[in-house]
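Please read the structure below before turning to the comments.
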Amino acid sequence: MSLDPQFRVVLDTLAGAGATPLVRGDAADTRAHYRSLAMARRGPGFVPEEVASVTDTHAGGVPVRVYEPARGDGPVVVYLHGGGWVVGDVDTHDPVCRRVANALAATVVSVDYRLAPEHPFPAGLDDAGTALRWAADRYPGRALGVAGDSAGASLAAGLALRAREAGPALAGQLLFYPATDPALAGGSIAENGEGYFLTESDMRWFYTQYLPAGDGSAPELDLLHADVRGVAPAVVATAEFDPLRDEGAAYADRLRDAGVPVRYLPGPGLIHGYAAFLGAVDAAEDTVSAALELFAELLSVRAQTA
């Protein structure tokens, strides 16, 4: 399939404005650049999707933003933002968290975890774990899930591994275009490594910041070689024109081979980061909606059997 025409316009616009590549010098410069792109995508007159309440608080000392939906005591979803473990925050991912809250009638706990290189692995994952335990204690008896995009999806998958061993019990995990292979060995790394927003060089730089010692062998990082038996059921969504496409698909296969219920959405025509284009790119809207419907099924099954 060819690249979605709406995303072709996006990519041409970014290239024409000199907004790519993503990485700009050091971490501070790259963070500022990423944040400006994230905010600019919302455009003039952008109106955030309404939710019942949004509260900035702390979960065991970790900053979080809590979104409450307009209806019900539904599931609780701990959301981990993307950004290569170096950039991004609760503001850049505010729109997608609002969508998750409304689509699932869920309380969403968006985690402002510590970033590399100041705080390399496993700091961000430890913060995510603290927030997950806080959410489980704060909302007892409700179905609990983890979700994230890109590096945040990697954190969510790592969190699911930890939860399998030490709790709390998870009903499901939602992984948008996850980073699962520190070796970056998938064929899509070369195939889509230039020209589709996220580049191969971006990913290698992100890993250098996140893993200054160069050791990516921890199972929460090297997910393609991790023992995933018994982890929470998953929805894995990738993008056709993404350097991380093959490793995301491979992780879905690894879960399936281990007997983990998994639903896979291949994202035809899409690029990495498409969840940031809700309301702007029709195909991104459709795929995110489909993923959330599948995730809702996982959380509903857990709620019915609890």
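Nothing in this text is a laboratory measurement; each read-out follows from the coordinates by a stated rule. Since this is a predicted model, take the numbers as computed values, not measurements. Quick reminder, even Gly has a Cβ in these numbers, built from the backbone with ideal geometry, and neighbours come from all protein chains shown.
Which of the peptides 51-59, 121-129 is most tightly packed, and how do the rest follow, judged by the mean count of other Cβ atoms within 10 Å per residue? Before the final figure, lay out the partial values.
Numbers: 51-59: 13.9, 121-129: 21.2.
The most tightly packed comes first, giving 121-129, 51-59.
Sorted largest first, the spans of the alpha carbon positions of the chain along the three principal axes are 51, 45, 39 Å. A helix-only calculation puts the chain at -13000 deg cm²/dmol for mean residue ellipticity at 222 nm, using -39500 (n - 2.57) for each DSSP H run of at least four residues, averaged over all residues. Here the range 1-85 is treated as an ellipsoid with the same Cα gyration tensor; its semi-axes, largest first and in whole Å, are 30, 20, 13. Note on the range 22-62: Cα Rg divided by 2.2 N^0.38 Å, N the number of residues, gives 1.64. Once you treat every alpha carbon in the range 211-306 as an equal point and sum by Debye, what is log10 I(q)/I(0) at q = 0.10, 0.11 Å⁻¹? With one equal scatterer per Cα and no solvent, log10 I(q)/I(0) is -0.33, -0.39.
Expressed to the nearest 5 percent, the antiparallel share of DSSP beta bridges inside the chain is 30 percent. Dipole magnitude for the chain: about 660 debye, using +1 per Lys or Arg Cβ and -1 per Asp or Glu Cβ, origin at the Cα centre.
Taken about its Cα centre, the range 196-306 carries a charge dipole of roughly 320 debye when the Cβ of each Lys and Arg holds +1 and the Cβ of each Asp and Glu holds -1.
Counting only Cα atoms, I'd like the Rg/Rh figure for the range 1-149, Kirkwood definition for Rh.
1.01
In a reduced charge model with +1 at each Lys and Arg Cβ and -1 at each Asp and Glu Cβ, the range 71-218 shows a dipole moment near 640 debye about its Cα centre.
Per-peptide packing, taken as the mean over residues of other Cβ atoms within 10 Å, places 104-117, 190-203 in the sequence 104-117, 190-203 from highest down. The residue list A32, C97, F176 was ranked by how far each Cα lies along the charge dipole of the chain toward its positive end, using unit charges on Cβ atoms, and C97 comes out on top.
Here the range 186-248 is treated as a Stokes sphere of Kirkwood radius computed over C-alpha pairs; at 10 °C and 1.306 mPa s its diffusion coefficient rounds to 120 µm²/s.
When 1/r is averaged over all different Cα pairs and the result inverted, which Kirkwood radius in Å belongs to the range 92-176?
Over the range 92-176, the inverse of the mean reciprocal pair distance is 13.2 Å.
The residue among A190, L125, A276 whose Cα reaches farthest toward the positive pole of the charge dipole of the chain, with charges on the beta-carbon of Lys, Arg, Asp and Glu, is L125. Taking every alpha-carbon pair under 8 Å whose residues sit at least 6 apart, the chain reaches a relative contact order of 19 percent. Considered as an equivalent ellipsoid built on the Cα gyration tensor, the range 147-257 has semi-axes of 23, 15, 11 Å, the largest given first.
Largest first, the three principal axis extents of the alpha carbons in the range 137-197 are 46, 21, 13 Å in whole numbers.
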